[in-house]
1. Between residues in region 320-338 that are under 15 Å from P56 (Cα atoms) and residues that are of a type in the set (K, R) and within 16 Å of the ligand (Cβ to nearest atom), which pairs lie under 7 Å by C-beta distance while being six or more apart or on different chains?
2. Which ones in region 427-443 are surrounded by fewer than 19 Cβ atoms within 10 Å (Cβ to Cβ) and touching a helix residue (DSSP H, G or I) at 6+ places or on another chain (Cβ under 9 Å)?
3. Tell me yes or no: at least one residue of region 55-63 is touching a Cys at 6+ places or on another chain (Cβ under 9 Å), closer than 21 Å to Q105 by Cα and more than 10 Å from the ligand (Cβ to nearest atom).
4. If you go through region 153-170, how many residues are more than 9 Å from the ligand (Cβ to nearest atom) and either modelled with pLDDT under 95 or closer than 18 Å to G388 by Cα (or both)?
5. Considering G170, G175, which residue is in contact with a Pro (Cβ under 6 Å, 6 or more places away or on another chain) and either among the small types (G, A, S) or without any contact (Cβ under 8 Å) to a residue 12 or more places away in the chain (or both)?
6. Please find, among P485, P419, the residue that is at pLDDT below 95, in a loop (DSSP other than H, G, I, E, B) and farther than 14 Å from E69 by Cβ.
7. Just to be sure I understand, how many residues within region 374-404 are closer than 19 Å to R294 by Cβ, of a type outside the set (S, T, N, Q) and in a strand (DSSP E or B)?
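The values are calculated or read from the model by the stated rules, or taken from the named source; none is laboratory data. Just so it is clear, the structure is predicted and the values come from calculations on it, not from any experiment. Cβ: placed from backbone, ideal geometry, glycine included. Neighbour counts: every protein chain shown.
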Amino acid sequence: MSSGPHVQPAEADFDVLVIGGGHAGTEAAVAAARIGAKVGLVTSSLETIGQMSCNPAIGGVAKSTVVREVDALGGIMGRATDLAMLQFRMLNRSKGPAVWAPRAQCDRGLYRRAVRSLVEDHGRVHTIQGTVARLLMSRGSIKAEGLETLEGRRFSARAVVVTTGTFLRGRMHIGTTTKLPGGRAGESATVDLAEQLERAGLVIGRFKTGTPPRIDGRSVDYSALTRQESEIEDFDYSWSHFWEQPRRSGAMTRHPIQLPCWITYLGSEGKTIIEQNIRSSAMYGGAIGSLGPRYCPSVEDKVIKFPNAERHQIFLEPEGHDTNELYVNGLSTSLPAAIQLDVLRSVPGLESVRMTRAGYAIEYDYYPPTQLDPSLQVKSIEGLFFAGQINGTTGYEEAAGQGLIAGVNAGLFTLERDPVILGRESSYIGVLVDDLVTKGVDEPYRLFTSRSEFRLTVRQDNALRRLAPIGLDLTLYSEPWILRP
Ligand SMILES: Cc1cc2nc3c(=O)[nH]c(=O)nc-3n(C[C@H](O)[C@H](O)[C@H](O)COP(=O)(O)OP(=O)(O)OC[C@H]3O[C@@H](n4cnc5c(N)ncnc54)[C@H](O)[C@@H]3O)c2cc1C
């Protein structure tokens with residue numbers, strides 16, 4: 001009779017396992033599948049695949065170029081955005097077309113459903129609900145061989161892509177006294193996996209980010225606000241509409257009915273409330289020590305760093321067609337909830353507002369990305385790839401671009417083919433990955449046009465021309481129609 005411990009066999013074998021169904025994970029899964037790999041996408045909740053943690057907007061300057069590059073390499077972010085956009089603007093339209101930047105406000109629920117549907121359209125991607133507790137690694141933790149979930153399920157693979165976003169030892173803060181473990185509002189933090197990766201010798205850093213409160217649109221006085229209409233026109237993020245409609249998206253139509261956004265401002269009364277309560281903000285009261293994204297500042301930062309600014313603009317953005325909730329863009333905060341409500345009610349048009357969700361800040365682990373090679377594989381652990389916010393970036397688009405590269409390369413790794421590395425001259429994704437693995441990050445990294453030496457020639461409107469030859473070469477597309485005009 002055997003007396004050794006029972007080792008549970010793997011329930012299924014994959015070429016590539018992807019952990020996390022966010023913006024990096026979904027692109028990684030689809031890209032690896034398009035390369036020809038059998039992929040398992042394991043994520044804590046299937047319902048939150050494609051969830052936008054913060055502002056439901058895709059694109060903008062530099063970021064929109066990444067969305068179109070992801071699309072030109074067979075990714076899904078552009079297609080999902082086209083299916084979910086409820087307000088569209090072309091930024092920089094007063095300048096030359098070379099710097100035009102599309103930005104879309106999305107219906108949060110529609111976007112999520114579009115992403116899930118587009119992922120599940122790939123027959124080679126198996127979606128699995130499970131919270132990953134640990135990686136299965138060969139003796140000495142030098143090779144990734146699969147994973148095990150908290151629910152006790154095991155899956156094996158020859159490559160694993162980790163895309164767990166802000167979830168690794170995530171801690172949420174509202175004011176200086178409310179500290180909750182969590183990966184984002186309402187979802188648990190990932191602790192076991194974080195501890196295992198630390199034991200495996202990886203260097204760890206801590207960053208923070210924040211999100212504003214949401215409000216009930218029925219409690220807003222719109223007569224005091226400036227209305228901003230959508231500029232929807234004959235624009236698609238994705239070139240794929242020319243050849244392919246999502247097969248299982250059923251009722252979804254491209255470009256849903258457009259909704260207006262509303263503009264107001266934080267004035268002197270709100271600024272005074274913030275100044276008087278600044279020590280009770282998690283970020284200013286000492287509860288959080290880590291660095292946040294400089295270019296998505298909290299309202300506390302704006303008030304303290306720009307004391308002479310008379311007012312700060314606020315955009316009220318619809319969260320979706322099926323809800324009255326509004327996103328209060330410009331008011332990211334970690335003040336106590338009661339103070340947040342006072343600040344909101346100081347804003348013209350929001351005097352009687354009801355707050356549906358309080359804003360919060362979150363601190364989380366990231367891994368300094370100089371620990372990765374240019375294929376986004378961890379140098380010290382063969383077959384393990386990282387993509388997205390865990391590499392110290394911020395933003396959906398930055399996550400999607402990395403996810404695509406990590407997914408392609410994980411797929412190529414299992415096929416024993418050379419990795420794909422995009423040059424800085426070919427794409428913003430190339431700039432992003434090169435910056436990460438060669439320079440590292442000292443604050444949450446986001447893309448700007450100024451990061452690219454080739455910004456005059458690397459544009460959102462020519463991404464297909466730049467990258468389709470690579471996509472075709474890698475067989476990321478099922479048909480060669482893509483190069484047709
Ligand atoms: C509060 C908050 C505010 C933010 N504010 C901004 C901002 O102002 N500007 C900006 O550009 N970006 C902001 N972001 C960041 C933006 O949301 C991320 O950059 C982007 O979502 C990162 O994508 P990702 O795929 O790396 O991770 P995520 O989108 O976070 O996806 C992570 C996925 O991993 C899954 N997961 C985690 N742990 C496990 C596990 N153990 N097992 C299985 N699945 C797991 C999760 O369920 C999720 O599906 C904010 C994020 C948060 C949470």
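1. Between residues of region 320-338 that are under 15 Å from P56 (Cα atoms) and residues that are of a type in the set (K, R) and within 16 Å of the ligand (Cβ to nearest atom), the close pairs are G320/R108; E325/R214; L326/R214; Y327/R214; V328/R214.
2. D435, T438, K439, G440
3. yes
4. 4
5. The conditions single out G175.
6. P485
7. Selection size over region 374-404: 0.
Conditions tested, residue by residue: (1) within 29 Å of G440 (Cα to Cα); (2) within 16 Å of the ligand (Cβ to nearest atom).
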{"position": "D301", "(1), (2)": "yes, yes"}
{"position": "A309", "(1), (2)": "no, no"}
{"position": "E319", "(1), (2)": "no, yes"}
{"position": "L326", "(1), (2)": "no, no"}
{"position": "A337", "(1), (2)": "no, yes"}
